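**Q** So that we are looking at the same thing, I have put the structure below in structure tokens.
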Amino acid sequence: MVQTDRILMGPGPSNPYPEVFEALTRPVLGHLDPEFLALLDETNERLRAAFRTSNPLTFPVSGTGSAGMEAAFVNFVEPGDPVVVGVNGVFGERMCDVAARAGAKVIRVEAPWGRPVDPQALIDAHPSPKIIAVVHAETSTGVRNDLACLHTGKEGTLLLVDCVTSLGGIPVETDAWCVDIAYSGTQKCLGVPPGLAPLTVSPRALEQIKARPGSWYLDLNMIARYVMGEGGRAYHHTAPISMIYALHAGLGVLLDEGLESCWERHRACGEALQAGLEDLGFELFAEKGHRLPQLTSVYVPTERLPAGMDEAAARRALLERYGIEVGGGLGPVAGKVWRIGCMGHTARPRNVMLLLAALEELFSS
């Protein structure tokens, strides 16, 4: 039986906005119905506002955030292209994997988990890379990597950014930061179920697009003719109608609240959660000054748990007793760190207070 009373405070999906549930109940139109195409156009315009960009090619890829990542690489990387990737967590590693599968010569710039990647090290890693790629908000560690200083001015170098956990939660200034390719996911700070990957591509990047990418499904040459209506609408694939309804609604909530207000709400909830955790004796994992407000990583003091309970059992107790889901650590911090989400509709003071009270009771029992 599906549970509807969970508070999703893990690194995965956040609780959807109520308006999104209503949108998902709308009658399903055909994917070439004029009414649906008008809604798709409006959704794309709302995405431009969320990304803070004027890029004409801005739309939701029909797939989760990893589909956005793959689309970002397969359309621009030729075999042998040097691609610099910042790696300080799982999703930087995934970028390396995807780029390598596209034939890139991957140059890794690493930082320890919990710390940001040095922007200057990314710039200095290669004299003329095809792409510099970085994860803005590393979901596996709760760390924010700096983007504003990454525009190198190197001719032909594209800046590619993973905004899966940052879009809608902290400032993302696509045009002001000269980001050429950026993708996100719907299930984090946008407050929409998983299933779409918002993507935006600059005109400068489009000048370097491959004529024939390795993927048919993610070929931006063909998709652009569908989403932008160049020379009339062209059939590429059957769009996920109800998910686009949901994204349209979630973006409407975000923009009605105002991006700056939404960023402030996430900031206030994240700082309250982090301060409350420290008051309870927890140690934060991510480096101070680069901690995400929407995703907090914290060491688990297993020595304070009741006898016989490990960190996995503690997370299960949070879910079963209090209806609160938090995420465990990945890779080298598995079993040592929790990742607590405060994203989208979930980013509310009442959820922060409920979690802190539950943790106080659980770790003192």
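The values are calculated or read from the model by the stated rules, or taken from the named source; none is laboratory data. Model, not experiment: these values are computed from the prediction. Quick reminder, even Gly has a Cβ in these numbers, built from the backbone with ideal geometry, and neighbours come from all protein chains shown.
**Q** Helices (runs of 4 or more DSSP H) wholly in the stretch 6-91 with at least 1 residues that are farther than 20 Å from L251 by Cα - which ones? Before the answer, list the steps.
**A** Details: elements: 18-24, 34-51, 65-74.
Answer list for the stretch 6-91: 34-51, 65-74.
**Q** Say whether the condition of being on the phi > 0 side of the Ramachandran plot and at pLDDT 95 or above is met by at least one residue in the stretch 175-192.
**A** To start, the set of residues in the stretch 175-192 that are on the phi > 0 side of the Ramachandran plot comprises 178, 191.
Checking which are at pLDDT 95 or above leaves us with 178, 191.
Looking for residues that are on the phi > 0 side of the Ramachandran plot and at pLDDT 95 or above, one finds at least one in the stretch 175-192, hence yes.
**Q** One residue is enough: does the stretch 139-148 have a residue meeting the conditions over 30 Å from D256 (Cα atoms), assigned by TED's automatic domain parsing to the domain that holds V85, out of contact with any Phe, Trp or Tyr (no Cβ under 9 Å at 6 or more places or on another chain) and surrounded by fewer than 24 Cβ atoms within 10 Å (Cβ to Cβ)?
**A** No: the stretch 139-148 contains no residue that is over 30 Å from D256 (Cα atoms), assigned by TED's automatic domain parsing to the domain that holds V85, out of contact with any Phe, Trp or Tyr (no Cβ under 9 Å at 6 or more places or on another chain) and surrounded by fewer than 24 Cβ atoms within 10 Å (Cβ to Cβ).
**Q** How many of the residues in the stretch 324-365 are farther than 18 Å from P13 by Cα and part of a helix (DSSP H, G or I)? Walk me through how you get there before you give the answer.
**A** Narrowing the stretch 324-365 to residues farther than 18 Å from P13 by Cα: 331-337, 349-350, 353-354, 356-365.
Imposing the further condition that a residue be part of a helix (DSSP H, G or I) reduces the set to 331-333, 349-350, 353-354, 356-364.
Of the residues in that region, 16 qualify.
**Q** Please determine, by comparing only the residues of the stretch 126-173 that are among the basic types (K, R) and more than 20 Å from A286 (Cβ to Cβ), which one is farthest from the chain's Cα centre (by Cα).
**A** Of the residues in the stretch 126-173, the ones among the basic types (K, R) are 130, 144, 154.
Checking the rest, the ones that are also more than 20 Å from A286 (Cβ to Cβ) come to 130, 154.
Working: K130: 23, K154: 27 Å.
Among those residues, the one meeting the criterion is K154.
**Q** So is T302 polar (S, T, N, Q), in contact with a helix residue (DSSP H, G or I) (Cβ under 9 Å, 6 or more places away or on another chain), loosely packed, with under 15 Cβ neighbours inside 10 Å and more than 30 Å from Y217 (Cβ to Cβ) or not? Before you say what the answer is, go through the steps one by one.
**A** Numbers: polar (S, T, N, Q): yes; in contact with a helix residue (DSSP H, G or I) (Cβ under 9 Å, 6 or more places away or on another chain): yes; loosely packed, with under 15 Cβ neighbours inside 10 Å: yes; more than 30 Å from Y217 (Cβ to Cβ): yes.
Here the answer is yes, as T302 does meet what is asked.
**Q** Given the structure, is G258 over 30 Å from G335 (Cβ atoms) and at pLDDT 95 or above? Let's see the steps before the verdict.
**A** Numbers: over 30 Å from G335 (Cβ atoms): yes; at pLDDT 95 or above: yes.
Answer is yes for this residue.
**Q** Aliphatic (A, V, I, L, M) and surrounded by fewer than 23 Cβ atoms within 10 Å (Cβ to Cβ): is that true of A125 in this structure?
**A** Values: aliphatic (A, V, I, L, M): yes; surrounded by fewer than 23 Cβ atoms within 10 Å (Cβ to Cβ): yes.
Taking the combined requirement at face value, the residue satisfies it.
**Q** Which of (1) of a type in the set (K, R); (2) surrounded by fewer than 24 Cβ atoms within 10 Å (Cβ to Cβ); (3) touching a Leu at 6+ places or on another chain (Cβ under 8 Å) is the odd one out, the single condition K188 does not satisfy?
**A** All conditions pass for K188, except number (2).
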